[in-house]
Every structure is written in structure tokens, then in C-alpha cells.
Amino acid sequence: MKRLFSILVIATIMVFGAVDVNATNNVNALPAAMVNFVQDEDQAVAEEAETEDAGFHQELKRRFIEGGPGFMGIVLLCLILGLAIAIERIIYLNMATTNTKKLAQDVEDALNTGGIEAAKEVCRNTKGPVASIYYQGLDRADEGTEAAEKAVVAYGGVQMGLLEKNVSWVSLFIALAPMLGFMGTVIGMIEAFDRIEAAGDMQPSLVAGGIKIALLTTVFGLIVAIILQIFYNYIIAKIDRIVNDMEDASITLMDILVAYKNKRRV
């Protein structure tokens, strides 16, 4: 009996000791497992984000190819040419922007101190259409204010034409891109009906390809038109602002010349 009791006690101690050892091992292994789980989750999220980014570009490329190389290539060409012209115009207009108030003050100061030639030198050293108009007006100042005014008006028209150069091409591409998309839509629908006629049966699988091409060409054409329209509106607004500055500066120049003539007479 004593021997049996001793065996039971020893077995109980061994069981509880094994449980304690396993619990200790599990507690020690728990932080490492949690760290590995968090790292795996972060890596999975990063891989998923990269897959989504790559998937967007691949999807866009696939949709573009599915739209057909003919019309989609022409639509892409409209986008490239339109953006090239728009960016060139934006750079030109930004370079043509002048602080007209400062220029008018500099011209007036030079006119009062050094005469016509000093004022013309200020205009030569200043970029922009306003400085060019000032130079033409000062160049005709000796012939009278009326001749100077005519020179300013005439050269103002020339500068306005330079500001609006090639802008009509952007508007052409804006109109052309969706029309090409709609043409692709019509051609796709015709192909779909040709398949129906050849098969003699109305099945979705027969017309799905043609309808998808039609929708893709329309979507890409509208996207190109929207992008170019934004640039076109910005360019037109910039031109209008510069033209208003030119008109105000022309009036200011005539006032300066009249005041200069009156001062010389006195």
C-alpha cells in the first residue's frame, strides 16, 4: 500500500513538472510567434499593394491592346501631340509673363532721366510681349503720340498672334479624340452584327468582343479629350490674362509719352 502511494505521488509530480515545462516553453515561444505573425502580415500587405499597382498598369495596358491597335494608336497619338503642344505653350506663356507695373515705372524713370534711348534700352533688356510693345511705341515716339499709338496697336496684334500660336491644334485634338473613339464604337458594333448574321443566332459570346472594343475606344477617346481640355482651358486663361496686361500697359505707355511730351514743351 505504501509502495502504491509512493508511485502515485511520484507520477503526479512528474505530470505537473512536465506541464510546467511545456507551459514555460509555450510562454517563451509566444512572443516569437507573435512577431513572426506580424511580420508575415506586413509582408502580405506590402505584396498585395505591389500586386495592385502592377495590376493597374497591366490592366490598363491590356485594355489598351484589347481596344485594337488601329484606333487606339491614333487616339494615343492625339494625346501625345496635344500634350506636347500644350506644354510648349505653357512654357512660352510663363516666360512671356512680365511685371507690367515695374516695367512701366522703369520705362518712365529712364525716359525722364535719359530720354527715349534709355527707355528703349530698358525694353531691350526685358523679355515678354509687353516690353516689345513698349519698344515699338517708343521707337515711333519722335513721330508723335498718334504714330506711337498706331504702332502699339499694330504690334499688339502681332504679339497676340504669337501667344495663340498652335493653340488651335490642341482644340483639334480635343475634338478628334472622342470622334475617333465613337468611330471605333461604330466599327465594333458593325463587327458584332456581322458575327450575329454569320452565325444566324443571337448569342452573347458572339457580340461580346465587338461591344467591348467599342466601349474601350470610346472610353479612351473621352479620357484623352478630358485631359487636353484641362490644359486648353489653362492656356486660354493665361493668354487672356497676358492680353489684358498688354492692353493696360499700352494705355499706361501712352500716358507716359504724353506726360513726357508736355514736360519737354515746358
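The values are calculated or read from the model by the stated rules, or taken from the named source; none is laboratory data. Quick caveat: nothing in here was measured; it's all calculated off a predicted structure. Positions of Cβ are generated from backbone atoms using ideal geometry, with glycine treated the same way; all protein chains shown enter the neighbour counts. For the accessible areas, the whole protein counts, side chains as well, though only heavy atoms, and no ligand, DNA or RNA atoms are used. Shrake-Rupley method; radii C 1.70, N 1.55, O 1.52, S 1.80 Å.
Quick notes
- Condition check for L111: crowded, with 21+ Cβ neighbours inside 10 Å and either more than 14 Å from D245 (Cα to Cα) or at pLDDT 90 or above (or both): yes
- Qualifying positions in segment 78-98 - open to solvent by 70 Å² or more (accessible area, probe 1.4 Å) and out of contact with any helix residue (DSSP H, G or I) (no Cβ under 9 Å at 6 or more places or on another chain): I80, E88, I91, M95
- Search result, residues across segment 69-108 that are among the small types (G, A, S) and at pLDDT below 85: G70, G73
- The set of residues in segment 121-146 being open to solvent by less than 60 Å² (accessible area, probe 1.4 Å), part of a helix (DSSP H, G or I) and within 17 Å of A259 (Cβ to Cβ) consists of V122, Y134, G137, L138, A141, T145.
- Residue pairs meeting the criteria (Cβ under 7 Å; at least 6 apart or on separate chains; first of a type outside the set (A, V, I, L, M, F, W, C), in segment 236-249; second open to solvent by less than 80 Å² (accessible area, probe 1.4 Å)): K238/L93; D245/T100; D245/V130; D248/T100
- Yes/no for E149 being open to solvent by 60 Å² or more (accessible area, probe 1.4 Å) and farther than 18 Å from A259 by Cβ: no
- For segment 98-113, the set of residues classified as assigned to a helix (DSSP H, G or I) and without any contact (Cβ under 8 Å) to a residue 60 or more places away in the chain consists of K101, K102, Q105, D106, D109, A110, T113, listed by residue number.
- Residue in segment 118-125 that is in contact (Cβ under 8 Å) with a residue 24 or more places away in the chain and either touching an Asp or Glu at 6+ places or on another chain (Cβ under 8 Å) or not aliphatic (A, V, I, L, M) (or both) present: no
- Residue check for K263: under 20 Å from E146 (Cβ atoms) and in a helix (DSSP H, G or I): yes
- Within the set A192, A177, the sole residue that is modelled with pLDDT under 75 and open to solvent by less than 60 Å² (accessible area, probe 1.4 Å) turns out to be A192.
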